[in-house]
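Chemist: One structure, as structure tokens, below. Some questions next.
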Amino acid sequence: MVTSTRAERASVAFVKLTDTLVADYDVVDLLHVLVEESVGLLDVAAAGLLLADPSGELQVVASTSEQSQLVEVLQLQAGAGPCVECYVTGSAVSVDDIAGLTKWLGFRQAALSQGFRSVHAVPMRVHGRIIGAMGLFGAREGFLTAEDAAIGQALADVATISLMQERTIREAVLVNEQLQLALNTRVLIEQAKGVIAHTAGVDMDAAFNLLRNHARANSQSLHMTAGRIVDRSLTL
């Protein structure tokens, strides 16, 4: 069996991110590639991504599991946690032992209930602008290695630059349109996942995979495919 080196796997992850940058690329798919490749490459169990809407309010737009999505949502509802602080400060935030936290108690309870024991949050930033944060959740205590932390930040930086590239986004209003599209699409995706889970008798993670695979196989955006599921013009 041929095994890849760490450098080779990192290179593949960056290539997957940049490969999404074709004409009319799907911004939500890009963000899901980011969290999936981060989990595949780094020593973490799950990841979730928060983006700020045009008014500056954070929303969950991508996650690798229902568990990480729930933790991010509950963190936002509490208005405090490592990913929120990461967004506010623009700096990475690491918690090596969630059980030992004496602050962010809402986040602590939510994370522990979903099996997470550590977290490393990295900012989504470019040219001093912070647009969100990515949470990398560990199933055991401990900090990420310096190498893992650096790779996680680099993946987030590439995705952020991709979101704001001049070819697609030339003015601030267009940046907001891209971010708003991602947020609106996430709402549709959640609705579509519920429909698919009910009709196909699968869990929510499997429902998302069915949705995404159909969108890719038919060269459709996740937004369009989810909308068709919700309005019942498409059944998977």
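Chemist: So, in region 206-233, exactly how many residues are outside any helix (DSSP H, G or I) and over 15 Å from H32 (Cα atoms)?
Modeler: The qualifying residues number 6.
Chemist: Output the residues belonging to region 53-64 that are polar (S, T, N, Q), in contact with a helix residue (DSSP H, G or I) (Cβ under 7 Å, 6 or more places away or on another chain) and open to solvent by 20 Å² or more (accessible area, probe 1.4 Å).
Modeler: Across region 53-64, the qualifying residues are Q59, T64.
Chemist: On to the next question. Can you tell me which condition V187 does not meet? The list is (1) surrounded by fewer than 17 Cβ atoms within 10 Å (Cβ to Cβ); (2) at pLDDT 90 or above; (3) closer than 18 Å to T64 by Cα, and all the others hold.
Modeler: (2)
Chemist: Evaluate the following for L50: is it modelled with pLDDT under 90, among the aliphatic types (A, V, I, L, M) and open to solvent by less than 60 Å² (accessible area, probe 1.4 Å)?
Modeler: Spelling it out, it is not the case that L50 is modelled with pLDDT under 90, among the aliphatic types (A, V, I, L, M) and open to solvent by less than 60 Å² (accessible area, probe 1.4 Å).
Chemist: May I pose another question? Kindly provide the set of residues from region 77-92 that are open to solvent by 30 Å² or more (accessible area, probe 1.4 Å) and under 22 Å from L155 (Cα atoms), ordered by number.
Modeler: The answer is E85, Y87, V88, T89, S91, A92.
Chemist: Given the condition within 17 Å of A78 (Cβ to Cβ) and of a type in the set (D, E, K, R), answer yes or no: does some residue in region 117-135 qualify?
Modeler: First, the residues of region 117-135 that are within 17 Å of A78 (Cβ to Cβ): 119, 121, 133, 135.
Next cut, of a type in the set (D, E, K, R) only: none.
Looking through region 117-135, none of the residues is within 17 Å of A78 (Cβ to Cβ) and of a type in the set (D, E, K, R).
Chemist: Okay, moving on. Could you grab me the full set of residues in region 197-220 that are touching a residue at least 12 places away in the same chain (Cβ under 8 Å), over 19 Å from V60 (Cβ atoms) and open to solvent by less than 70 Å² (accessible area, probe 1.4 Å)?
Modeler: Answer for region 197-220, where residues must be touching a residue at least 12 places away in the same chain (Cβ under 8 Å), over 19 Å from V60 (Cβ atoms) and open to solvent by less than 70 Å² (accessible area, probe 1.4 Å): A200, H214, A215.
Chemist: Within region 89-105, is even one residue touching a Phe, Trp or Tyr at 6+ places or on another chain (Cβ under 6 Å), of a type outside the set (F, W, Y) and either under 30 Å from A207 (Cβ atoms) or free of Cβ contacts under 8 Å to residues at least 40 places away in the same chain (or both)?
Modeler: no
The values are calculated or read from the model by the stated rules, or taken from the named source; none is laboratory data. Because the structure is predicted, anything quoted here is derived from the model rather than measured. All Cβ positions, glycine included, derive from the backbone under ideal geometry; neighbour counts span all protein chains shown. In case anyone asks, the SASA skips ligands and DNA or RNA and just uses the protein heavy atoms, side chains included. Shrake-Rupley method; radii C 1.70, N 1.55, O 1.52, S 1.80 Å.
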